[in-house]
Ligand code: EPU
């Protein structure tokens, strides 16, 4: 163990509790970041110079296939507050290490609706912009105002707006040109004062109807509760069954390919896109290939949602990737559709 001014580097640090798949791997060095100054110190420390760096928040969107060489920055920055309001919106800021779901619950408890559709998504606030988390008819970018990040090369803090973040479906600047260049330290959300429920997603509408709220305009709390109920019913809790949420993105295909597939598979689940192309439900394609509930070693396809790969206990990242590849090959052979992995694979 060696120390810099305010950052402590720990050698051989176990990462099992820091990735939601629960892979039992270690970091060459790890440094827990509780204050932005520690991050600056760690980044500028000459002993860290030249080492590869990996930023981990909740580790909810990553597949670690082996021990991680270099320095792992464990972002544990805490804090959340209402920073300001104008006539149209409230602006709330949360530090990157805050658990996402707790933050969503806190905004509702403050009487600030707008994030309820994104309840129960695993991971931290700092991870949310990286893959532009989304669920049940809402993407994070629709509530995003700006973020603060530290540039690893310089140790300088920068402020980035939505344009700079280049959000797309499960995508952002931080998965492309910005990859491994920045550590997000806090995110500010814009929650419009005129709130409109997003309750159109079939599972949510069904859940609201089942709880007797199908007809009335639902409250943000009712949507939050419905989302929590639907997620609990379909998606495994990473604390009980290691997983990283959807393992594949829903693929987007050209209309001609969609029409050919639809003729072959009349039940194909699809969503027309604004650009004229068609998004397909990857879970449906995988399910249709017979993969739901199947295992390869200790890696398996979840029994209630084929888009989620799980660690049944003791699986390695390599085993999960082997399962993912077998699924990708089957879907490509049967439907001619390529599935892209959603988590970052290391
Ligand atoms: N389906 C099946 N079999 C399955 C899974 C799905 O037939 O095993 C069918 C469903 O019946 C439904 C369709 O496929 O008709 C879509 O399924 P679902 O509503 O469960 O959503 P999804 O497209 O599979 C996406 C997100 C989820 C998000 C839900 C709800 C992606 C990659 N995944 O899943 O996000 O919670 O919609 O909005 O976009 C995540 O990113 O980690 C995640 C969980």
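Applying 1/(1 + (r/R0)^6) with R0 = 51 Å to the Cβ-Cβ distance of residue 240 and residue 161 gives a FRET efficiency near 0.85. Taking 0.36 nm per residue of separation and subtracting the current Cα-Cα distance, fully stretching the chain between residue 81 and residue 269 would add 63.6 nm. Every helix of 4 or more DSSP H residues in the chain counts as -39500 (n - 2.57), and over all residues that averages to -7000 deg cm²/dmol at 222 nm.
Projecting the alpha carbon convex hull of the chain along each direction and taking the average yields 18.2 nm². The P(r) of the stretch 9-75 has a tail past 16 Å containing 40 percent of all C-alpha pairs.
Modelled spin labels at residue 332 and residue 179, positioned 7 Å past Cα toward Cβ, are 1.8 nm from each other. Placing a pseudo-label 7 Å from each Cα along the Cα-to-Cβ vector at residue 322 and residue 260 gives an inter-label distance of 3.3 nm.
Bridge orientation summary for the stretch 9-75: considering DSSP beta bridges with both residues in this region, about 30 percent are antiparallel. In the elastic network of the chain, a GNM with C-alpha springs shorter than 10 Å, the most mobile of 46, 14, 122 is 46. Centre-to-centre, using Cα atoms only, the stretch 63-77 and the stretch 138-170 are separated by 21 Å.
Computed over the stretch 68-189, the P(r) curve from all C-alpha pair distances, binned at 5 Å from the origin, holds 2, 11, 22, 26, 21, 12, 5, 2, 0, 0 percent per bin. When you restrict to C-alpha pairs under 8 Å that are six or more residues apart and normalise by the size of the chain, the relative contact order lands at 15 percent. Modelled this way, with points 7 Å down the Cα-to-C-beta line, the labels at residue 169 and residue 110 are 3.2 nm from one another.
You can think of it this way: the chain between residue 202 and residue 65 has 45.7 nm of extra reach, that is 0.36 nm per residue less the Cα-Cα gap. Averaging the Cα positions of each part gives two centres, and for the stretch 257-304 and the stretch 117-137 these lie 22 Å apart. Stretching the chain fully between residue 340 and residue 209 yields a gain of 43.7 nm (0.36 nm per residue, less the alpha carbon separation).
On alpha carbon coordinates alone, what is the Rg over Rh value for the stretch 67-128, Rh being the Kirkwood radius? Result: Rg/Rh = 1.08.
Take each peptide in 263-272, 245-254, 111-120, 204-213, count the other Cβ atoms within 10 Å of every residue, and average; sorted highest first, the result is 111-120, 245-254, 204-213, 263-272.
All Cα-Cα distances of the stretch 242-345, cut into 10 Å bins from zero to the largest, leave 16, 49, 26, 9, 0 percent in each bin in turn.
Every read-out reported here was derived from the displayed coordinates using simple, explicitly stated rules and does not represent laboratory data. All values derive from a computational prediction rather than experimental measurement. Cβ coordinates were reconstructed from backbone atoms using ideal geometry, including for glycine residues, and neighbour counts include every protein chain displayed.
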